[in-house]
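Quick notes on the structure that follows.
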Amino acid sequence: MSQERAVPASAVPLEELSSWSEELCRQELPTVLPRLLSMYQHSESWIEHIQILKIIVEMFLPHMNHLTLEQTFFSQVLPKTVKSFDDMMSELTSQARRLSSHNLEIQTTLRSILQTMVQLLAALTGCVQHVCATQEPVVLEHIHSLPSSVLHVIKSTFVHCKDSESVYSGHLHLVSDLLQALFKEAYSLQKQLMELLDMVCMDPLLDDNDDILNMVIVIHSLLDICSVISSMDHAFHANTWKFIIKQSLKHQSAIKSQLKHKDIITSLCEDILFSFHSCLQLAEQMTHSDAQDNADYRLFQKTLKLCRFFANSLLHYTKEFLPLLSDSCGTLHQLYLQIHSKFPPSLYAAQISKAQQEEIAGTFLVTLDPLISQLLMFQPFVQVVLDSQLELPCELQFPQCLLLVVVMDKLPSQPEDVQALWCAERQLPEAKPRTSLLKAIFYSFEQCFGELSLPVHLQGIRSKGQAEVAVTLYQHVCVHLCAFVTSCHPSLFPELDVALLNAVLSANLITSLLAMDAWCFLSRYGTAELCAHHVTIAAHLIKSCPGECYQLTNLSILLRRLFFFMAPPQQVEFIQKFSPKEAENLSLWQYISFQALPADLRKQTAQEVLRVGIAQCKEWLSSSRTLGELESLNTQLSALLAVCNSACESLDPAQRNALAEIGKQLWAFLNAKLVTGQPYVQQTLSLLFSLLGFLVQVLDPHLISQVVTLQSSLLRLEPPDHVCLAVLDFVSSLGKCFIPQAVQDKILPSLSSIFASLLSDRNWMLEQHTLEAFTQFAEGTNHEEIVPRCLCSEEVKTKVVCFLEKTGFTDETTTARIERVKQEKGIFWERFANVAVEDAKWSSLQPCAKRACRELPAEEECASALQAASGALAAVERLLQKSPAPEWLPGRLELLRERMDRLRRHALSGGSERAGTPPTG
C-alpha cells in the first residue's frame, strides 16, 4: 500500500481541526463529522488514516449521542479500521523476514508500521472508553460493530506477539520495545472492552436474535483469544476466562441455546490439563533439585492456584448449563482420567514429593469431587462412563477404577432413581449398550494388573486415635465396595447379587477373590438366616456344575469361606439338608473345612464323611469300573482329603488304618493299569499322593518306594502344576518318618531327583512351594545325607539360601520394577487368555467314554491320547481367536505337522497287519 499523503477531501485542514476547542467541536459536529468520515473513507495513507481517526475519537466522539453511535460512527469507520489493521499486519509479517541489524530501511519501515498499529489500538481504546463513560446500561445493538471489530484486532495482535520469535527470525530485539507496547495496548484495550461488555444488559423476555447473536459472537471470540494467550500471561488468561464465565451466566437465559458449550468445556478442560501438567513439572523439578529454590516454589503455588481457578470455573459452568452438556460428557470423563493418570499413585505419574502431592490434592484435586457429584444424575455422563464398548489405554484403566469407586461412594446419599440409573442393567431402548456400575467396577479392577501386582498404595481411612495407613488398590476397592453393600437401596439387591455372582465366576482370580470378600462381608453384616441362604445358594450351584471348571473352583472357595460365618443352628440345618451320609453330597463336603464346625459336630460329621467315602471307594474298586470313570472316585478322595486336612484330630488309629488300607488298594489298582500321560488319571493320582502323604507314617515302606519311583518318572513327562504340588505334599511328609535300610537305595535317589527337578523349575508358584516343601523335609528328616544331593547347581543352592535367609533373589530398583510392570501391563496382560487356558486344561480332564472292564489295551490308549491331543489343539485355536499368535508358534506347528506325518505313515504301513478300525479321537 502506498504511504504517500492523500489530498484531503475537506477544505478544513486537519491541523486546524486539532486546535479547535471542545465547545467549537460540539457546535460544528453536524457539519464537520460527515466531512471527516468522508476523508477517512478516502484516505490511502495509514498515517493519515490514523490521524483522522484520532481527531474523530478524541475531539468529536465525546459529543456524539451514544444511542446513535452505531449508525453515525461505528458502522462507517470500524470496517475500514479493521481492514487497515489487517493490511498493516500482513505487510508487517511479510517484511519481517527481511529484518536485520544491517537493513536500516526495513527496520524503519517495520517500526513505523508497529507505531501506527499502537496508535490504532489507542484510538479503539478511546472508542471503548467513551461508551463506558456513559455510566448507563448499554444495549449491545447500539454498538454491535465495536466489540466484534475490537476483538478481531486484539486477537490478531496477540497471535502476532505469540509468534514473534519465529516471525522475526532471531532479530526480535530490534523491534521488541514496540511489540511490547503493542501487547500492552491490546491488553489495555481488552480490559476496557470487558468493562464495557459488563455494562451490557439483555432483556431475557425479548426475542432479539441479533442482540443474542452479537453476545454469543463476543463470548466465542474471547474464547479464541484465551487459546492464544494461555501461555503468554497467566493472570490475563485467567481474567479472560473469568469474564467469559461471568457473561455466560449473566445472560444465561437469553443465550444458553446459542452458546457452543462443547467448545467452551473443551477449551476449559485443555487449560486445566495444561496448567496441571505445568504444576507437575515444577513439582518434579523441585523434587529432583538438591537446593530448595523459593522462586520455583512460589511459581508452583501460583500455577496450582491457577489449576484451582480453572477447575472452579468448570465446576460453576457445568452446574449452570448441565442439561446442555450431553456432548461434553466424554471430555469431562477424559479430564478426570487424564488428571489421575499423571498423579501418584498411578504408574504413569510424575515423581513428586509427598508434600507436593498433598498440596496438589488439597488445593486442586478436591475440586473434582463436587464436579462428579454434579454429573451423577446426568444420564449422558452415566452412558459415557459405563459404555460397554469403552476402550481405554493402559494408563487410563487405573483412573477409571478410581472414578467408579468415587461414584459408588456417592450413590448411597442419592435418591433411588439416581442409584438405579448407575446400578441397574436396564436402559433406554435408544441408548447405546452400557453395563452396570458394579459390573464395571469388577471389570475395571481386573484391568489394573500392574497396580495390583506392584502393588500401588492409596490414601487410607483415618481412624480415631490412629495414624492414617496407606492401603493397596485391592484394599481400597474392597473396603469401599463393602461400604456400598451396607448402604445401597434395597431395590438394588438383585443387581448386587448378580454382579457378585458373575464376578465370583470370573476367570480372573483376583476379581473372583474381591467378589468373595464382598460376599463374605455381606454374609457377616447380615442376619444368620441371610448367611445360611447364601451358603445354600453356593451349595446348589456347586452341585449343578457339570464337571471340573474354574467356576466350580471359585464357588468351592466361596462355600468354604461362607461356611465359617454360619451360626451353629444354621450349620445343623445345612448338615440335615446336605447330609454327609448320602454319597451324592460328598461333592459338597469335599470343599468344606470341618474346622468351621463346633468340636462335637465336627467329629460326628467328619466320621460320617470318612465312613461314606471309604465305602464308596470300596464300591468303586469292586464294581469293575474303568480308568475312564474316575470322576466319582476323585470326589470321594477329595472328601477324604478334606477330613484329613481339617479334622485329623477326629480320626482314631482304626480309622487311619482303614484309610491307609483303601489308599493301598487304590494305589495297587492305579499303579497296575497306569497311563501316566492321561490328564484325568493324573488328577486322581494327585489326590491319592496328597492322601498318602497324610498317612505316610502308617504306610508300608515298599508302597512308599513305589510311589516315589513313580513320581520321579512322572516328573520327566512335565505334568501339570497340580500334579507337581501333590508330589510335593507327599515327599515333604517323608521328613517325618525313617526309611528302612532295605528300601533306602530305591527311595533316596528318587527322592533327591524329585527335589532337584522341582527346585530347578522356573514356574514361580512351583518354585515357592518346592522351597517350602524342601525346607520342611530337610528340617525333619533323619536322612541328612540326601539334602546336598537335591541341590544340583550353584543357582539352586543360592535360591535355597535366599529363601532360608528371607532375602530376594533379584535386586530390582523401584523405578525399574515400575517400568517392568508397565511393559507387562501393556504387552502381556490379556484378559481372556486365562479363560482359554483353563478351558483347555479342564476339557482334557473330562473322563473318556466307558470302556470294557478294567482293561486298557493299546487301542484304547491310542484313542485316549488322540483325544487329549485334539483337546490341546482346540485350546490353541481358541487362544488364537482372542489374541495374536506368538512368533514361535508357526515353527512349533511345523514340527507337530512333521510328527503327525510320520505317525500317519507308520499307521498306514502297519494297518494291514492289524484287525479292526482304529477309533477316532
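The values are calculated or read from the model by the stated rules, or taken from the named source; none is laboratory data. Source: prediction; values computed, not measured. All Cβ positions, even for glycine, are placed from backbone atoms using ideal geometry, and neighbour counts span all protein chains on display.
Without any contact (Cβ under 8 Å) to a residue 40 or more places away in the chain, surrounded by 21 or more Cβ atoms within 10 Å (Cβ to Cβ) and assigned to a helix (DSSP H, G or I): is that true of ILE225 in this structure? Talk me through it step by step, then tell me what you get.
Numbers: without any contact (Cβ under 8 Å) to a residue 40 or more places away in the chain: no; surrounded by 21 or more Cβ atoms within 10 Å (Cβ to Cβ): yes; assigned to a helix (DSSP H, G or I): yes.
Answer is no for this residue.
Kindly list the number of the only condition in (1) assigned to a helix (DSSP H, G or I); (2) within 25 Å of PHE343 (Cα to Cα); (3) in contact (Cβ under 8 Å) with a residue 12 or more places away in the chain that fails for SER231.
The single condition SER231 does not satisfy is (1).
Does any residue in the range 349-374 that is of a type in the set (Val, Ile, Thr) come within less than 6 Å, Cβ to Cβ, of a residue that is modelled with pLDDT under 95 and surrounded by fewer than 18 Cβ atoms within 10 Å (Cβ to Cβ) six or more places away or on a different chain, and which pairs are these?
ILE352/GLU284; ILE352/THR287
For the range 754-769, name all the residues that are over 17 Å from HIS722 (Cβ atoms) and touching a Leu at 6+ places or on another chain (Cβ under 8 Å).
Narrowing the range 754-769 to residues over 17 Å from HIS722 (Cβ atoms): 755-756, 759-760, 762.
Within the range 754-769, ALA756, LEU759 meet the criteria.
Could you tell me whether the range 288-311 includes any residue that is in contact with a helix residue (DSSP H, G or I) (Cβ under 8 Å, 6 or more places away or on another chain), within 26 Å of LYS822 (Cβ to Cβ) and surrounded by fewer than 18 Cβ atoms within 10 Å (Cβ to Cβ)?
The answer is yes; a qualifying residue exists.
Within the range 337-355, is even one residue surrounded by fewer than 17 Cβ atoms within 10 Å (Cβ to Cβ) and in a helix (DSSP H, G or I)?
For the range 337-355, residues surrounded by fewer than 17 Cβ atoms within 10 Å (Cβ to Cβ) and in a helix (DSSP H, G or I): present.
Of these, GLN400, GLN447, which one is out of contact with any strand residue (DSSP E or B) (no Cβ under 7 Å at 6 or more places or on another chain), modelled with pLDDT of 95 or more and buried (at least 17 other Cβ atoms within 10 Å of the Cβ)? Explain how you work it out, then say what you get.
Details: GLN447 fails: modelled with pLDDT of 95 or more.
Going through GLN400, GLN447 in turn, just one is out of contact with any strand residue (DSSP E or B) (no Cβ under 7 Å at 6 or more places or on another chain), modelled with pLDDT of 95 or more and buried (at least 17 other Cβ atoms within 10 Å of the Cβ): GLN400.
Being among the hydrophobic types (A, V, I, L, M, F, W, C) and not in a helix (DSSP H, G or I) is the filter; apply it to the range 277-326 and report the residue that is nearest to LYS242 (Cα to Cα). Step through it out loud before you land on a result.
Going residue by residue through the range 277-326, those that are among the hydrophobic types (A, V, I, L, M, F, W, C) are 279-280, 282-283, 286, 291, 295, 299-300, 304, 306-307, 309-311, 314-315, 321-322, 324-325.
When the remaining residues are screened for being not in a helix (DSSP H, G or I), the result is 291, 325.
On the way: ALA291: 36, LEU325: 19 Å.
Among those that are among the hydrophobic types (A, V, I, L, M, F, W, C) and not in a helix (DSSP H, G or I), it is LEU325.
Of the numbered conditions (1) out of contact with any strand residue (DSSP E or B) (no Cβ under 8 Å at 6 or more places or on another chain); (2) crowded, with 19+ Cβ neighbours inside 10 Å; (3) over 30 Å from PHE364 (Cβ atoms), ILE217 satisfies every one except a single condition; which is it?
So the condition that ILE217 fails would be (2).
Of the residues LEU392, LEU403, which single one is in contact (Cβ under 8 Å) with a residue 24 or more places away in the chain, of a type outside the set (S, T, N, Q), out of contact with any Asp or Glu (no Cβ under 9 Å at 6 or more places or on another chain) and part of a helix (DSSP H, G or I)? I'd like the intermediate steps shown before the answer.
On the way: LEU392 fails: part of a helix (DSSP H, G or I).
Of the residues listed, the single one that is in contact (Cβ under 8 Å) with a residue 24 or more places away in the chain, of a type outside the set (S, T, N, Q), out of contact with any Asp or Glu (no Cβ under 9 Å at 6 or more places or on another chain) and part of a helix (DSSP H, G or I) is LEU403.
Out of all the residues in the range 544-575, which are closer than 15 Å to ARG524 by Cβ and assigned to a loop (DSSP other than H, G, I, E, B)?
Passing the criteria: PHE564, PHE565, MET566, ALA567.
Here is a yes/no grid of residues against (1) small (Gly, Ala, Ser); (2) crowded, with 20+ Cβ neighbours inside 10 Å; (3) farther than 24 Å from SER188 by Cβ; (4) at pLDDT below 85:
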| site | (1), (2), (3), (4) |
| --- | --- |
| THR68 | no, no, yes, yes |
| PHE73 | no, yes, no, no |
| ASP87 | no, no, no, no |
| SER100 | yes, no, yes, yes |
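Which one of these is in a helix (DSSP H, G or I), touching a residue at least 12 places away in the same chain (Cβ under 8 Å) and touching a Cys at 6+ places or on another chain (Cβ under 8 Å): LEU196, LEU189, LEU213, LEU268? Reasoning before the result, please.
Details: LEU189 fails: touching a Cys at 6+ places or on another chain (Cβ under 8 Å); LEU213 fails: touching a Cys at 6+ places or on another chain (Cβ under 8 Å); LEU268 fails: touching a Cys at 6+ places or on another chain (Cβ under 8 Å).
When all the criteria are applied, what remains is LEU196.
Any idea which of SER149, SER164, SER176 is under 45 Å from the mean Cα position of the chain (by Cα), among the hydroxyl-bearing types (Ser, Thr, Tyr) and assigned by TED's automatic domain parsing to the domain that holds VAL228? Explain how you work it out, then say what you get.
Numbers: SER149 fails: under 45 Å from the mean Cα position of the chain (by Cα); SER176 fails: under 45 Å from the mean Cα position of the chain (by Cα).
Answer to the selection: SER164.
Test ALA742 against the criterion of being modelled with pLDDT under 90, closer than 30 Å to PRO345 by Cα, of a type in the set (Gly, Ala, Ser) and not in a loop (DSSP other than H, G, I, E, B), and give yes or no. Walk me through how you get there before you give the answer.
Working: modelled with pLDDT under 90: yes; closer than 30 Å to PRO345 by Cα: no; of a type in the set (Gly, Ala, Ser): yes; not in a loop (DSSP other than H, G, I, E, B): yes.
No; evaluated as a whole, the condition is false for this residue.
Using the structure shown, decide if LYS260 is surrounded by fewer than 18 Cβ atoms within 10 Å (Cβ to Cβ), under 19 Å from LEU325 (Cα atoms) and touching a His at 6+ places or on another chain (Cβ under 7 Å).
Working: surrounded by fewer than 18 Cβ atoms within 10 Å (Cβ to Cβ): yes; under 19 Å from LEU325 (Cα atoms): yes; touching a His at 6+ places or on another chain (Cβ under 7 Å): yes.
Yes; evaluated as a whole, the condition is true for this residue.
Looking at LEU714, LEU728, LEU710, which is the one that is modelled with pLDDT of 90 or more and part of a helix (DSSP H, G or I)? Talk me through it step by step, then tell me what you get.
Numbers: LEU714 fails: modelled with pLDDT of 90 or more; LEU710 fails: modelled with pLDDT of 90 or more.
Checking each option against the conditions leaves just LEU728.
Mind checking which residues of the range 16-75 are hydroxyl-bearing (Ser, Thr, Tyr) and either more than 29 Å from LEU140 (Cβ to Cβ) or assigned to a loop (DSSP other than H, G, I, E, B) (or both)? Quick ask: steps written out before the conclusion?
Step one: filter the range 16-75 for residues hydroxyl-bearing (Ser, Thr, Tyr), giving 18-19, 21, 31, 38, 40, 43, 45, 68, 72, 75.
Hits for the range 16-75 are SER18, SER19, SER21, THR31, SER43, SER45.
Looking at (1) of a type outside the set (Gly, Ala, Ser); (2) at pLDDT 85 or above; (3) in contact with a Lys or Arg (Cβ under 6 Å, 6 or more places away or on another chain); (4) within 18 Å of GLU28 (Cβ to Cβ), find the lone condition where ILE106 falls short.
For ILE106, the exception is condition (4).
Could you tell me whether any residue of the range 312-322 is over 30 Å from VAL200 (Cβ atoms) and either polar (S, T, N, Q) or surrounded by 18 or more Cβ atoms within 10 Å (Cβ to Cβ) (or both)?
Quick first cut of the range 312-322, residues over 30 Å from VAL200 (Cβ atoms) only: none.
Checked the range 312-322: no residue is over 30 Å from VAL200 (Cβ atoms) and either polar (S, T, N, Q) or surrounded by 18 or more Cβ atoms within 10 Å (Cβ to Cβ) (or both).
Which of (1) part of a loop (DSSP other than H, G, I, E, B); (2) among the acidic types (Asp, Glu); (3) modelled with pLDDT of 95 or more is the odd one out, the single condition GLU629 does not satisfy?
(3)
Checking the structure you have, find out if any residue of the range 263-279 is surrounded by fewer than 16 Cβ atoms within 10 Å (Cβ to Cβ), closer than 24 Å to LEU213 by Cβ and over 23 Å from the mean Cα position of the chain (by Cα).
Yes, that holds for at least one residue.
Considering only residues that are in a helix (DSSP H, G or I) and free of Cβ contacts under 8 Å to residues at least 24 places away in the same chain, look in the range 115-171 and name the one that is nearest to VAL218 (Cα to Cα). Show your work before the answer.
Keep residues of the range 115-171 that are in a helix (DSSP H, G or I), which gives 115-132, 140-142, 145-162, 164-167.
From what is left, the residues that are free of Cβ contacts under 8 Å to residues at least 24 places away in the same chain are 164-166.
Numbers: SER164: 26, GLU165: 29, SER166: 29 Å.
Applying the filter and picking the extreme gives SER164.
Sort through THR363, THR318, THR331 and tell me the only one that's among the hydroxyl-bearing types (Ser, Thr, Tyr), touching a Cys at 6+ places or on another chain (Cβ under 8 Å) and modelled with pLDDT of 95 or more. Give the derivation first.
Values: THR363 fails: modelled with pLDDT of 95 or more; THR318 fails: touching a Cys at 6+ places or on another chain (Cβ under 8 Å).
Within the list THR363, THR318, THR331, the selection yields THR331.
Looking at SER388, is it in contact with a helix residue (DSSP H, G or I) (Cβ under 9 Å, 6 or more places away or on another chain), hydroxyl-bearing (Ser, Thr, Tyr), at pLDDT below 95 and surrounded by fewer than 18 Cβ atoms within 10 Å (Cβ to Cβ)?
Numbers: in contact with a helix residue (DSSP H, G or I) (Cβ under 9 Å, 6 or more places away or on another chain): yes; hydroxyl-bearing (Ser, Thr, Tyr): yes; at pLDDT below 95: yes; surrounded by fewer than 18 Cβ atoms within 10 Å (Cβ to Cβ): yes.
Considered against the rule, which asks whether it is in contact with a helix residue (DSSP H, G or I) (Cβ under 9 Å, 6 or more places away or on another chain), hydroxyl-bearing (Ser, Thr, Tyr), at pLDDT below 95 and surrounded by fewer than 18 Cβ atoms within 10 Å (Cβ to Cβ), SER388 comes out as yes.
Would you check which residues across the range 345-356 are of a type outside the set (Ser, Thr, Tyr), under 25 Å from SER453 (Cα atoms) and more than 20 Å from the chain's Cα centre (by Cα) and list them? Let's see the steps before the verdict.
Let us first name the residues in the range 345-356 that are of a type outside the set (Ser, Thr, Tyr), namely 345, 347, 349-352, 354-356.
Remaining after also requiring under 25 Å from SER453 (Cα atoms): 345, 347, 349-352, 354.
Result: ILE352, LYS354.
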